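For reference, the structure discussed in these notes is given below.
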Amino acid sequence: MKNIYTVTDIKENYITVIPQKALTLNGASANIKVKNPKSLKLNIGSSVTIGFPKKLEALQGIVYLLIPILFSYAAYFFSPKIASLVNTTSTDKFSAMCIIVSFCIACVGIFISSRKITGIVQFQITSVIE
């Protein structure tokens with residue numbers, strides 16, 4: 001089920017929406033600025049759904065899948081050099097540990113970057129609910 005938003009303000013460059021089930025904190029509401037690239041007809045009070053472009057979501061999914069795999073492969077490839085740096089022998093267990101650690105580091109990095117990077121791509125209105 002998609003979240004439904006209500007249009008509260010319409011300007012030339014952006015439209016402001018608020019979740020219909022908005023949680024308020026000290027009287028402040030969660031206003032979200034979105035784009036209307038499809039030029040849908042909107043009025044203040046219209047109910048809409050918002051999201052990211054489908055191509056961007058697909059690209060993001062592929063990148064977020066490939067980064068941990070590439071980190072794991074690099075850890076396997078460089079595990080003998082890592083072992084020599086920490087003065088141990090390169091065994092299968094050590095290689096597996098390097099793979100697991102690098103996979104976890106990549107996943108944590110993706111998680112943090114996905115929360116920190118905002119404003120690069122803006123939400124857009126995907127449909128109007130009548």
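Annotations
- Look at segment 83-105: where a residue is without any contact (Cβ under 8 Å) to a residue 60 or more places away in the chain and a partner is polar (S, T, N, Q), sitting 6+ places away or on another chain with Cβ atoms under 6 Å, you get Ala83/Ser90; Ser90/Ser79; Ser95/Ser79; Cys98/Ser79; Ile99/Ser72; Ser102/Ser72; Phe103/Ser72.
- Qualifying positions in segment 79-104 - loosely packed, with under 10 Cβ neighbours inside 10 Å and aliphatic (A, V, I, L, M): Leu85, Val86
Taken together, the values in this text are just the output of simple stated rules run on the coordinates, not laboratory data. Not measured: the values here are computed from a predicted model. Methodologically, a virtual Cβ is constructed for each residue, glycine included, from the backbone with ideal geometry; neighbour enumeration extends over all protein chains shown.
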